[in-house]
Amino acid sequence: MEREAIRVTGIVQGVGFRPNVWRLAHECGLRGQVWNDAEGVLIHAWGSSQVLDIFVQRLRNEPPPLASIEDIFRARLDTPADIPKDFRIVESRKGTPHTGVAADAATCPECLAEVLDPANRRYRYPFTNCTHCGPRLSIVRAIPYDRANTSMAAFPMCAQCQAEYANPADRRFHAQPNACPECGPQIWLQDSDGQRLSEGDAIENAAGLIRAGKIVAIKGIGGIHLACDAGNAEAVDALRRRKHRYHKALALMARDIDMIKCFAEVDDAEVALLNDRAAPIVVLDACGERLAPAVAPAQNSLGFMLPYTPLHHLLMQHMNRPIVLTSGNRSEEPQSIDNQDAQQRLDQIADYYLLHDRDIVNRLDDSVLRMADGHPRFLRRARGYAPRPVLLPDGFASPANILAMGGELKNTFCLLQDGRAILSQHIGDLENVDTCQDYQHNLQLYRQLFDFMPSVIAIDRHPNYLSTQWGRAMAAEEGVQLVEVQHHHAHIAACMAEHGLSQESGKVLGVALDGLGFGDDGSLWGGEFLLADYRGFQRLTHFQPVPMLGGVQAIHEPWRNTFAHLLDSLGWERVVEDYPQLEIVDFLNERPLVNLQTMARKGLNSPPASSAGRLFDAVAAALGVCRECAGFEGQAAIELEALAAAHFEHQANFAYGVELRGDCLNWTPLWSALLKDLADGVAPGIIAARFHQAVANAVATTANGLCRQHDVDTVVLSGGVFQNRLLLARSSFLLREQGLSVLSPIATPANDGGLSLGQAVIALACC
Ligand SMILES: [Zn+2]
Ligand SMILES: [Zn+2]
């Protein structure tokens, strides 16, 4: 009989790993022990070498649903005389923990069956969970991950729950949030004055109020949502008005896939994504029956998710239509997580509140994905995914601990240690005071959870980003090295890292298209072709810089970019002379053009920007899309894509021209042709499609030429503009046709939510 020590690392604690080991060991007839320690799970097993091999193979192939094995190490041990009589789970051994915490997971089928079974003691209990499902990161205060360190500490387990918790053969063995109606959290419904409505079932009553057109705040896993009937136009309008949220699409929850199929197209990959244990919002093409128009104005898509807690399942059982389920906040603030705070902040928004007494410790927004170019792509990575690590290629397991602070918008931060990158959940735009507090809270929590002391801090080069300023201050305070990383270089490096490119893999041609980032020459960039590796980059080509008339006002008022682009490419006199009858010319003539021209000429409050985002703004506004005011960065581009979608395929041969002049992509031919199309009365959707084709052509032709010139065979496409799936799919197709390998973000968002990963790997390569 042999004796082996088997070490398992990864997410293996708090996910039912030891009972799984126990079961497999019993099935294989092994003897020994398993326990948790600082590094993960350690097993000492006695058996024949053949059986040990089978056991390790099954360990790897049959993990419990929430576990994620990084590595299994085996070592032969001397066999002592006292061979154990059986296989046991033994007490955890303390030490400095490195194992982290699992992500929150949607209710598993077994738990759901119990909740729906009138004979079960958890019948209709909204907080039912087990080792395969339920809250994790959202309830953790500290490590080690056990009940005392979560917001379940307030609920001592009853005898029955305790018995489940202690039984290795039970699905709830060591399920830290284990609870039942006897001992666990309770739910209630209250009105806007804080009066509890004690009659009847709180969840059923809440559903009745939603059906009656009311807005109900609902406390979920990672935050408090606002819910209303998505088919009730008045209710959805009221929700938007009260929330001061006028533009961004509202998320929806449907009872099941069949309900979603009444309103949207869903293919197999999307069904799988919707059913994933992360239960994200999946953006789908709208078709079939209509919901209230204000759910997703000027878009042909809908963002759906399925119920992911028993509470949601029970609620949706009483709904025969989808509900809007959007974050409980006033526009731009972070989502409310606290009962008291919600009642204050949502006072003018919610009619009723469905609350419970389990604290949400860690705010987690719903994650958002959309299929593009054959893969699910993150628009927002949060609940269900964070804090799952992104595994890095070999060579990144250096002793340096790197903290990357992220960007300004859609912020995330990243901890890099032991060859793993732990990306925080989406935190949001750091322009908001409460979001800044949330950032600090999360950073402190993650440092504690992962026992992380930075030895290097990486920041964006933009001097005005708050994350940059905090990183600078922290580096000075803690006496650690500071590394500044260029914004677009970070976009490209993040994508290289998640695709496993090693530090020795050579250079790639990175195409980074986004709104704005601080360039190495002090100007604003956003349409960049970079020859890059982790250590550095060379800016080979870029979009023609065009002044942002009025600085940030150009982001809020897309028409300013139309004027700037026309001024720059054709000259205003020529436009007026050639196209006096155009509606956009009339519109612009009503603006203070003389002032704007002076500003542009003298460079007053008109920073030049080679931004792809502003080009999309300019074209959208020319077509009358999102012209006068953009509610959020990227709105014009999203609406322009929606407009182009139906015509895109058919316009491949009618793309507008783009000209490479020196190291600049020049848009003069594009604007000439576009204005002519406008004058000829070509439909805006067709113009939008021709524009998308033009940008895809420009990306592919330019990148292909640069690859040949510099002997590179890999193109990386990233930056927020590549969330545009027409552009991503077409550019990728054209580049692959040239025999090039094309990489684009899958594990992280292409937008600034992925920046921190890029900052971290660049900092590691540079120090
Ligand atoms: Zn479960
Ligand atoms: Zn109980």
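Where a number appears in this text, it was derived from the coordinates with a stated rule and is not lab data. Everything quoted here is computed from the prediction, not taken from an experiment. Glycine also receives a Cβ, built like all others from the backbone with ideal geometry; neighbour counts cover every protein chain displayed.
Odds and ends about this structure:
- Between region 401-456 and region 628-699, the alpha-carbon centres lie 37 Å apart.
- Taking the number of Cβ atoms within 10 Å of each Cβ as an exposure proxy, the fewest-first ranking of 460, 451 is 451, 460.
- By the Stokes-Einstein formula, at 0.890 mPa s and 25 °C, region 475-586 with its Kirkwood radius over alpha-carbon pairs has D equal to 145 µm²/s.
- Taking the longest Cα principal axis of the chain as reference, the axis of helix 668-679 is set at about 80 degrees.
- Spacing of the two label points (7 Å from each Cα toward its C-beta) at residue 646 and residue 85, in nm: 7.6
- Average 1/r across all pairs of distinct alpha carbons in region 313-365, invert it, and you get the Kirkwood radius: 12.7 Å.
- Residue 153/residue 576 FRET efficiency (R0 56 Å; Cβ-Cβ; nearest 0.05): 0.20
- Alpha-carbon Debye profile of region 341-457, log10 I(q)/I(0) at 0.19 Å⁻¹: -1.13
- Quarter the surface of the alpha carbon convex hull of region 141-197 and you get the mean projected area, 5.2 square nanometres.
- Taking a ≥ b ≥ c as the square roots of the eigenvalues of the Cα gyration tensor, an a/c ratio of 1.5 or more together with a/b no larger than b/c marks region 155-306 as oblate.
- At 1.306 mPa s and 10 °C, Stokes D of region 109-233 from Kirkwood alpha-carbon radius, µm² per second: 98
- The equivalent ellipsoid of region 471-535 has semi-axes of 23, 18, 9 Å, largest first, where each one is the square root of 5 times an eigenvalue of the Cα gyration tensor.
- Take the Cα of residue 766, go 7 Å toward its beta carbon, and the backbone nitrogen atoms of region 420-454 under 18 Å from that spot belong to 454.
- Rg over Rh [alpha-carbon atoms, Kirkwood Rh] for region 1-149: 1.02
- Full extension of the chain between residue 331 and residue 193 yields a length gain of 47.4 nm, computed as 0.36 nm times the residue separation minus the alpha carbon distance.
- Cα-based convex hull volume of region 527-608 per residue, rounded to whole Å³: 120
- Value of relative contact order over the chain, rounded to a whole percent, pairs C-alpha under 8 Å and six or more apart: 11
- Contact order relative to length of region 62-146, as percent, for alpha carbon pairs under 8 angstrom and 6 or more apart: 31
- Pairwise Cα distances in region 680-731 exceed 17 Å for 44 percent of all pairs.
- Rounded FRET efficiency, nearest 0.05, which uses the C-beta distance separating residue 317 from residue 54 and R0 of 51 Å: 0.70
- Alpha carbon centroid spacing (whole Å) that separates region 227-292 from region 470-505: 36
- Binning all Cα-Cα separations of region 429-489 at 5 Å, short to long from zero, yields these whole-percent fractions: 4, 17, 22, 27, 22, 8, 0.
- Reciprocal mean inverse distance between Cα atoms of region 340-407 - Kirkwood radius, Å: 16.6
- Region 613-767: C-alpha pair distances exceeding 21 Å, %: 51
- Across region 751-767, coupling constants 3J(HN,Hα) worked out from phi with the 6.51/-1.76/1.60 Karplus curve, θ = phi - 60°, read 7, 5, x, x, 4, 4, 4, x, 4, 5, 6, 5, 4, 5, 5, 8, 10 Hz, and Gly and Pro carry x.
- Coupling constants for region 401-409 follow from the phi torsions by the Karplus curve (6.51 cos²θ - 1.76 cosθ + 1.60, θ = phi - 60°), and in residue order they are 9, 10, 10, 10, 7, x, x, 9, 9 Hz; glycine and proline get x.
- Pairwise label distance in nanometres, residue 247 with residue 166, each label 7 Å out on the Cα-Cβ vector: 5.9
- Inter-site label distance for residue 605 and residue 117 at 7 Å from Cα along Cβ, in nm: 6.8
- Scattering curve values for region 73-162, log₁₀ I(q)/I(0), Debye with Cα scatterers, q = 0.19 Å⁻¹: -1.05
- Cα shape, region 548-695, gyration tensor, a/c 1.5 rule: rounded
- log10 of Debye I(q)/I(0), alpha-carbon scatterers only, for region 257-356 at 0.13, 0.17, 0.20 Å⁻¹: -0.56, -0.94, -1.18
- At R0 = 25 Å, FRET efficiency that the Cβ-Cβ distance of residue 1 and residue 39 yields, to 0.05: 0.45
- Length-normalised contact order of region 566-665 in % [C-alpha pairs under 8 Å, at least 6 apart]: 14
- Spatial extent of the chain: Rg and Dmax, with the Cα atoms as the point set, Å: 27.5, 99
- Neighbours of residue 749, meaning other residues whose beta-carbon lies under 12 angstrom from its beta-carbon, give a summed charge of +2 when Lys and Arg score +1 and Asp and Glu score -1.
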